[in-house]
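To start, the structure under review is shown below, and the notes come after it.
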């Protein structure tokens, strides 16, 4: 079934994706998403009654890694790459402006 | 012949026989890059010092009598979404503009261990989302066969580099055609191996149910040599198959196609493709016949009709999940805000490009209630039916030919404004990715205007070795592509873009 988005849904999806859409860009983004949704609705046209979902088959599955703590990089290497740190930790703003 | 024109096989043989040194070759390739890079813009980072140092180490090792690997002395370039220890890996995105990994992707480690010399990281569409290598923080890469045209994408930097003689072999990633299509646009060979053949560990993911490490080269033999180095079990990637691979270069001993059955795609509608590319497909079929194969027409009704829609639903849903890790906290760009949600949104909005933002939002929508049931769920079932269509075909054929791209390389900027049209350019490559099949773009020479012609040869999943053998027979008849030297005058004479 072909579906579409309106301005409100476009903004809701953008919020869920942690992306902001400027008010003047909402219509363009909405139209662009609707173009693609309209085209992709084709996937509903093929009769797939009784067809299972796709999964990858493998010749030989890799063995699982041992379920134990792994050696990894040291704290300093993570801190060097972090965009913002406070002391020994990643800097994270407060969760809510009201707290 | 200049050293930068040699294949990886010729370099490795020549270096081991002391006809020339690895340093000579590396300096020749770096010189070629230096003389053309202003025109092509194919590389994001060039590693001149470390490449020369590695070349000297190869020469010293050979002088001591050490075994230096099958690709000893061959310079290579990796797409800038392969993690490389100590070298920034940008994915052509502002969000990773200054990010430097502390480890190598498995593919990089394997190439380095085989004696290959990493000399640069190449341009791509941001996060590999695109088909033209125009959506990049460093600007577009130009096609060395015609500087007014795109090199294809998203591995356009790697393809342009190989075609222009920067290096004999390069690494790209192919999600829905991102190596085969730029190989076609730049007139070289490019192979997407079977899904599961090569480890994806350390490749920045776009759509991990489809992404596959893929080599580009100017000969099928170099593709086989690279695949022999790259394809092996890797416990760090659970989608990498643990089976024992065949020796891919042994497949090149195939002399003819007697006893082989080759299908040729015939399910065209008139407006579907360029006439000269149709001619290339017919020529490739004739080459197969002259080599002794039985050639018959085939159709792929489900793959061609539903492939692009299925691909975009699948890839965008994957992408929205995979790119959620760019949160501005652990690595990459960071733009502060009063709350955590503000910081996330500030960082992601300012640091992802427009196409990436659009794909993430759309992918997020496709995984929500209602859209999932009408798009993502049906796409998973269509993919199963498409695989059954391929399985039936391979019960009758060893391989089949179809176009790689329906169009010739287009002018820079020409398709960017119409995303749906740009997506349709992938009609012959995405079904192959959805089925996890191996596919090789084979160069079929140039048009009278010097634009590249090519075909795509597709095999059954895990039948990569046989596919390389058949491709090598076709290449012997069609001829191996040469190095392209960009014609700067052509750009001036015809007045640049769109002329």
- Query: What residue, among those in segment B:193-208 that are farther than 17 Å from residue B:77 by Cα and more than 14 Å from every other protein chain (Cβ to nearest Cβ), is surrounded by the most Cβ atoms within 10 Å (Cβ to Cβ)?
  - Reply: B:206
- Item | Search result, residues across segment B:293-349 that are touching a strand residue (DSSP E or B) at 6+ places or on another chain (Cβ under 8 Å) and closer than 25 Å to residue B:90 by Cβ | B:329, B:330
- Query: Name the residues in segment B:92-126 that are touching a helix residue (DSSP H, G or I) at 6+ places or on another chain (Cβ under 6 Å), buried (at least 23 other Cβ atoms within 10 Å of the Cβ) and either more than 22 Å from residue B:215 (Cβ to Cβ) or within 14 Å of another protein chain (Cβ to nearest Cβ) (or both), would you?
  - Reply: B:93, B:95, B:126
- Enumeration of residues in segment B:232-258 that are in contact with a helix residue (DSSP H, G or I) (Cβ under 6 Å, 6 or more places away or on another chain) and facing another protein chain (nearest Cβ under 8 Å): B:234
- Within segment A:16-29, how many residues are touching a helix residue (DSSP H, G or I) at 6+ places or on another chain (Cβ under 8 Å), facing chain B (nearest Cβ under 10 Å) and in a helix (DSSP H, G or I)? 2
- Could you tell me whether residue A:76 is more than 28 Å from residue B:211 (Cα to Cα), at the interface with another protein chain (Cβ under 9 Å from one of its Cβ atoms) and not in a loop (DSSP other than H, G, I, E, B)? no
- Quick check: is even one residue across segment B:209-227 at pLDDT below 95 and buried (at least 16 other Cβ atoms within 10 Å of the Cβ)? yes
- Message: I'd like to know if segment A:44-61 contains one or more residues that are more than 7 Å from every other protein chain (Cβ to nearest Cβ), under 30 Å from residue B:435 (Cα atoms) and in contact (Cβ under 8 Å) with a residue 40 or more places away in the chain.
- Response: no
- Message: Being part of a helix (DSSP H, G or I) and out of contact with any strand residue (DSSP E or B) (no Cβ under 9 Å at 6 or more places or on another chain) is the filter here; which residues of segment B:30-51 pass it?
- Response: B:31, B:32, B:35, B:36, B:38, B:39, B:49
- For segment B:390-410, state whether one or more residues are facing chain A (nearest Cβ under 9 Å) and either closer than 25 Å to residue B:128 by Cα or not in a loop (DSSP other than H, G, I, E, B) (or both). no
- Task: Look at segment B:353-367 and say how many of its residues are touching a residue at least 40 places away in the same chain (Cβ under 8 Å), within 7 Å of chain A (Cβ to nearest Cβ) and closer than 19 Å to residue B:96 by Cα.
- Result: 2
- Do we find a residue being in contact with a helix residue (DSSP H, G or I) (Cβ under 7 Å, 6 or more places away or on another chain) and in a helix (DSSP H, G or I) anywhere in segment B:73-80? no
- Query: Looking only at residues in segment B:332-356 that are at pLDDT 95 or above, surrounded by fewer than 22 Cβ atoms within 10 Å (Cβ to Cβ) and in a helix (DSSP H, G or I), which one is nearest to the chain's Cα centre (by Cα)?
  - Reply: B:351
- Task: Considering each of B:431, B:378 in turn, give the residue that is within 12 Å of another protein chain (Cβ to nearest Cβ), outside any loop (DSSP other than H, G, I, E, B) and either in contact with a helix residue (DSSP H, G or I) (Cβ under 6 Å, 6 or more places away or on another chain) or within 29 Å of residue B:289 (Cβ to Cβ) (or both).
- Result: B:378
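The values are calculated or read from the model by the stated rules, or taken from the named source; none is laboratory data. Since the structure is predicted, the reported quantities are computational estimates derived from the model, not experimental observations. Backbone-built Cβ (ideal geometry, glycine too); neighbour counts: all protein chains shown.
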